[in-house]
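Pasting in a structure now, in C-alpha cells, and then I'll have a few things to ask.
What follows is calculated from the coordinates using simple rules that are stated; it is not laboratory data. Since the model is a prediction, treat every value here as computed from it, not as a measurement. Cβ atoms come from the backbone with ideal geometry, glycine included; neighbour counts cover every protein chain shown.
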Amino acid sequence: MEKVLVANRGEIALRIIRSLKEMGIRTVAVYSEVDRDAPHVKAADEAVLLGPAPSKDSYLRGDKILAASKKLGVDGIHPGFGFLSENSAFANQVEASGITFIGPSAHAMEIMGDKLAAKEAVSKYNTPLVPGTEEAISDIAAAKERAKEIGFPILIKASAGGGGKGMRIVENEEEFEDQMNRAISEAVSAFGDGSVFIEKYVLGPRHIEIQLLADKHGNIVYLFERECSIQRRHQKVIEEAPSAVLTPALRKKMGEDAVNVARACDYVGAGTVEFLLDANMDYYFLEMNTRLQVEHPVSELISGIDLVKEQVKVARGEKLSFTQDDLKINGHAIELRVYAEDPQNNFLPDIGKLEIYQKPEGPGVRIDDGFEEGMQIPIYYDPMISKLIVHAENREAAIGRMKRAIKEYHIKGVKNTLAFGSYVMNHEAFVSGNFDTGFVKDHFKPEDLNKECEKEIEVAALLAGHIFRSSSDKAEENNTPTKENNWKKNRRIV
Ligand code: MV4
C-alpha cells in the first residue's frame, strides 16, 4: 500500500495521517469548504475538496471520494469513524474499484449493524446475552407475555439502532402496548426498518468494551478493556483502561468471549465488543462496533500497540506480529473528551473561535486534536475539540496526571468540558472506582462546576498575591524606580 486516502476530518484524520506517514505511506486528505485551512489538510501530501460544509455534501459523498481516489492512484481508503466508516455499500464500492477498504468486510458490518442478526450470530458461541426476544416482534400480545416472563422494567430496542438510538424503557405491563407501537413507528421513521425486540433492562450497568484486532488469517487478539461508563445521553466523556473493577480472570473471560464475537462474523481489522457489566459482575454482550473508536488511544497507551498501523497491516494481508500471550497491560490511561459544550447548561453545544488554545505538555500526556489557536469550531460536525489522554504507572497516578494536564490546558472563546473533567477526577465515586453509567445523572449538578471554578479562582488569587508580594519585595531590595523595570527584573521568579 503506497498511497492512502483518509475519508474523514479533524482529530481522527490527523491521527491516521500521522501513523501512515510513519509507515512511509503517502497520504491524501479530503475536506469541505469550511475545513480548507484545517490541520488535517495541511498534514497530508495531497488534499481534495469535496464540497460545501454539510456532511451530506462533503464527507458523506462516497462517490466523490471514490472518484478522487481513482484519479490520484490511491490504493487504500481509511474511513476513520462516523461518516462512511460503517457504510457497507461504500466498503463494497471501494473494494469493487480495486482499492483496499481499511476496515472490516461489508458482511461483518451488515451482521453487526443489525442488532438481532448480531445476537443470533453471537448465540452460536457461549457469549452471555441479555434475556429477551430472539426475533423481531410481530405479535405484540405474545411479546407482552414474554415481557412478563422476563420481568419489568424491560427495554425495547430497534434492530437497526445502536449506541442508544431507538431505545425505550417500559416500566410496567400497562404501558407495554403503547410503548411498543411508538417504538415501531419511531424505528420505521428513523431507520426505515420497524424491527424491534425486547430485553430485560439491566439496572445500573457499567459499560465495558473490549478492543480487538483480527487479521485475514484467523488470528484474533483482545487488547483488554475500556471502561466507558462516564457518559451522558449516550455520549461518552471519560474513558479509561484498564477498568478499575475487572479481575484478571474476568478480563480473560470477557476478552475470550469478545474474540468469539469477532469470529462469529469473520471479523478483520480493529473492532470493539461492548458489554454491560452489572453489580453482580455478570456481563452481557450488547453490540459490536465495526470501526476504530474515538477512545482507542487509551488501549494504545496500555498495550503499546498503534491500532492504525495494525489496521493498515492487516488490510495489506499481513499476519498479526504478536499473540495474546505477548500482550500485557502497562500502567493506566484515561481520556477526557474536550467538547465545545457548556456543562453548566445541559451540555449545550457552543460555537465560536478558539481565542486562546494552549495545550498541556510533559510526561505521559497525549493530545489528539485537529484545531489550532484562532480557528473557528464549525457548527456542521461533532463538537469535539480534542481528546486529552494521559498515561501513568497506575490509576492513582493517571488521575493525578489528568488533573495536572487539565490545569495546564487553556481554552478561551468556546465553552468546553475541561472543568467537568476536573470535577470527575476529584469525585469520590470516580476515584474509588464505584460508579456506573448513571454517574452523571446521579452525581453531577451544574453548580458543582462553580465550586471547581471557585477553587481555581482562589488558587489564582493566592498566586497573584504571592507574585505581587515577591515582586514588590524584590523591587524594594533592588531599589528600582518603575513598575515596568520591576516586572522585567522579576519576571523569572514567576
Ligand atoms: C442496555 C442497557 C440496559 N439493559 N440494554 C446504551 C447504548 C447501547 N449500546 C445499549 N445501551 C444500553 N443497553 C439492556 N438490556 C443499558 C444501556 C446503556 C445505557 C442505558 C441508559 C443510560 C446510559 C447507558 C449507557 C450505556 C449503556
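In nm, to one decimal, how far is the modelled label at Y125 from the one at D266, with both set 7 Å along Cα→Cβ?
Label-label distance for Y125 and D266, simple model: 1.6 nm.
What percent does the relative contact order of the chain come to when contacts are Cα pairs within less than 8 Å and at least six residues apart?
Relative contact order of the chain: 13 percent.
A further question on this structure: Express the relative contact order of the range 206-448 as a whole percentage, based on alpha carbon pairs under 8 Å and six or more residues apart in sequence. Can you show the working numbers first?
Values: 491 pairs, mean separation 51.1, N = 243.
Computed over the range 206-448, the figure is 21 percent.
Any idea how far apart V188 and D139 come out in nm if each label point goes 7 Å out from Cα toward Cβ?
Inter-label distance under the simple model: 2.1 nm.
What ranking, highest mean first, results for peptides 59-71, 206-218 when packing means the other Cβ atoms within 10 Å averaged over each residue? Let's see the in-between values first.
Numbers: 59-71: 18.2, 206-218: 21.5.
Packing proxy ranking, top to bottom: 206-218, 59-71.
Additional query: Only counting other Cβ atoms within 10 Å, I'd like E225, E355, E46 sorted with the fewest neighbours first.
Result, fewest neighbours first: E355, E46, E225.
Same structure again: Apply 1/(1 + (r/R0)^6) to the Cβ-Cβ distance of K359 and D45, taking R0 = 22 Å, and write down the FRET efficiency to the nearest 0.05.
0.30
Return the tail of the calculated pair distribution for the chain, meaning the percent of Cα-Cα pairs more than 32 Å apart.
Cα-Cα pairs of the chain separated by over 32 Å account for 47 percent.
Something else about it: State the volume of the convex hull built on the alpha-carbon positions of the range 26-89, expressed per residue in Å³ and rounded to an integer. Write down the numbers at each step before the final one.
Values: hull volume 5.5 nm³, N = 64.
Residue-normalised Cα hull volume stands at 86 Å³.
Distance cut-off 20 Å, Cα to Cα: go down the list K42/K407; K21/K309; K115/K157; K124/K253; K70/K313 and report the pairs above it.
K42/K407; K70/K313
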